[in-house]
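Remarks on the structure that follows.
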Amino acid sequence: MHGILWWILVGLIAGVLASVVMGGIGYGIIGDIIVGIVGAFIGGWLLSTLGVGTPFGGLAGQIFVAFIGAIVLLFLIRLLAGAGRRRYP
């Protein structure tokens, strides 16, 4: 149970920070947690693929990785949502 609470905490912090950086207001508490948790997977995969490590460890390093992934996720969501709104004459 303790691990699940850490995932929720990291996801919430990363999701909220990414939403603020991307210029949005967030997706609500549940949405931000989901964005942060999915972002943790994306960030972990992305950084390991690039061969880059975090500049610090522990909880701050986990939040950093999830934050990077959440920014990438929000960018992709907005890119796809914007493509769906285009109207062709």
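Read-outs: derived from the displayed coordinates by stated rules, not from any lab. Worth saying up front: this structure is predicted, and the values here are computed from it rather than measured.
Overview of results
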{"quantity": "More than 19 Å apart - percent of Cα-Cα pairs taken over the chain", "calculated": "39"}
{"quantity": "Calculated [θ] (222 nm, deg cm²/dmol) that DSSP helices of n ≥ 4 give over the chain, each run adding -39,500 (n - 2.57)", "calculated": "-28000 deg cm²/dmol"}
{"quantity": "GNM result for the chain, Cα springs below 10 Å: residue of I29, I68, I13 fluctuating most strongly", "calculated": "I29"}
